[in-house]
Amino acid sequence: MAIRVLVISNYRDFHTTRPEAEIFKGLAKYKEFEIFVMTYKDSQHVKDFEALGIKVIHFYPQKKRNKKEIGFIREGIIKNEIDIIHLFTPRAIYSGLRAAKGLDVKVVLYRGYSSNINFFDPFPTFKFLHPRVDKIMCNSIGVEEYLHKFPFFDKTKTVVISKGHEIEWYKNIQPIDIKKELDIPKDTFLLVNVSNNRKMKGIPVLLRAMNELPENCNAHLILVGKNMYNKKNLRIIKNKGKIHFLGFRKDALNVVASSDVFVLSSIFGESITKAVLEAMSLGIAPVISNIRGNYELVVNNQNGLVFKSKNYKELAKNIMFLYENRHLCKEFGEKSKERIKNILNNKQTIEKIKEFYMSLVK
């Protein structure tokens, strides 16, 4: 008899959720599994799910403790004789845990950040220390290490399975003439960062690194994302002509594909950052901080460069090294694509989750 898996997640945005959604599209092709997905009716993956035989239940919890919503999930577990319920978002976790109370179903949580848990706060405690949780799927080694540091945490409950990517997803992404748009010289060395401005992203570190570059260094930085253009960031910048704030861009990947280097300056919290995986899939050389969530992304001096988190002077040296050795950008970019193909690919993710699910119900 097939293993019945109920997934609860928000799949409204196609691009953002693709690495996760593709896992279940892949699993649906195996006769060993019957996949059910609870998500919004207008989710962009729904047609693909249904075409593959996945049973989509048009529902996503709107509150954390709504009895009617919890009852709906519970009814779905019982009616469909679910063996495993996989909860990916905070709302799904809060509601799903309550819905599974007293039922013979395995409960799996997903954790994609290596920060933001305070065990003096009852809500994270409810989620990750809850006795009803059977396993926690960690997106990286760093996330597992983060959870293991807390007292009373059952270390046997974690499993590390990263959300892989595929080079083919990005085959239609073409570079745009961003240098013409910005009216900068054609031989400009372009650095790019794509993120929304949050403390964990370490944008001030990146801006201070740009200040360390020699005046005659023709390197420019493009910042793509919301809330980058603010007083705090502007106060740091010495040469405003070399920093370009593009804000939110629907063609962010095309901008990345037009650049020489993708820089991730995060100081905490990340876990195999999706924006870096995208840049690597496009063959763009990555320069990243050494926070624990990044362990799997870059092997220093093999497919990119790694600098000590918060050390803007070391980051500046890495930028200058690639500026003076531009041939390495192409080499690191190609090796990054190989790393996606061989180590961080979606096919391996599907196989690992297949084995993981089967081990839960054996």
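Coordinate-derived values only; no laboratory data. From a predicted model like this one, the values you see are computed outputs, not experimental measurements. FYI the Cβ positions are ideal-geometry reconstructions off the backbone, even for glycines, and counts take in every protein chain you see.
Observations
- Label sites at N254 and E212, each approximated as a point 7 angstrom past Cα along Cα to Cβ, lie 3.5 nm apart.
- Proportion of all alpha-carbon pairs of region 168-342 beyond 20 Å (%): 47 percent
- All lysines inside 22 Å of K63 as judged from Cα atoms, apart from same-chain residues fewer than 8 positions distant: K41, K101, K127
- Under Karplus coefficients 6.51, -1.76 and 1.60, residue-wise ³J(HN,Hα) of region 2-13 in Hz, glycine/proline x: 5, 6, 9, 10, 9, 10, 10, 7, 9, 10, 5, 8
- Each Lys or Arg adds one and each Asp or Glu takes one away; over the other residues whose Cβ falls under 13 Å from the Cβ of N239, this sums to +2.
- Other residues with beta-carbon under 11 Å from the beta-carbon of K63 carry, at +1 per Lys or Arg and -1 per Asp or Glu, a net charge of +4.
- Working note: 222 nm ellipticity from helices only, DSSP H runs with n ≥ 4, each -39,500 (n - 2.57), summed and divided by the residues of the chain, gives -11000 deg cm²/dmol to the nearest 500.
- Within-11-Å neighbourhood charge of L315 [Cβ basis; K, R +1; D, E -1]: +3
- Distance between region 56-111 and region 22-39 - C-alpha centres, whole angstrom: 17 Å
- For region 28-121, GluC sites (Glu not before Pro) are listed when DSSP marks them as loop and at most 14 other Cβ atoms sit within 10 Å of their Cβ; the list is E32, E81.
- P(r) for region 170-212, from all Cα pairs and a bin width of 5 Å, is 5, 15, 19, 18, 21, 16, 5, 0 %, short bins first.
- GNM top mover of L207, L264, L297 - the chain, alpha-carbon springs below 10 Å: L207
- Dipole of the chain [Lys/Arg +1, Asp/Glu -1 at C-beta], most positive-end residue of G293, T16, I93: I93
- Euclidean distance of C-alpha centroids, region 184-234 and region 284-348, integer Å: 17 Å
- Ordered by the number of other Cβ atoms lying within 10 Å of each residue's own Cβ, fewest first, K226, K157, K25, K68 fall into the sequence K68, K226, K157, K25.
- Grouping the Cα pair distances of the chain into 20 Å bins from zero gives a pair-distance distribution of 28, 53, 18, 0 percent in increasing distance order.
- If the chain linking E81 and Q302 were pulled fully straight, counting 0.36 nm for each residue of separation and taking away their Cα-Cα distance, it would gain 74.8 nm.
- Flagged links, alpha-carbon separation over 27 Å, of K232/K313; K29/K106; K106/K201; K171/K335: K106/K201
- By the count of neighbouring beta-carbon atoms within 10 Å, fewest first, L246, L129, L253 end up ordered L129, L246, L253.
- Counting beta carbons within 10 Å around each of M200, M358 and listing the fewest first gives the order M358, M200.
- Packing order of peptides 275-285, 177-187, highest average first: 275-285, 177-187 (average count of other Cβ atoms within 10 Å over each peptide's residues).
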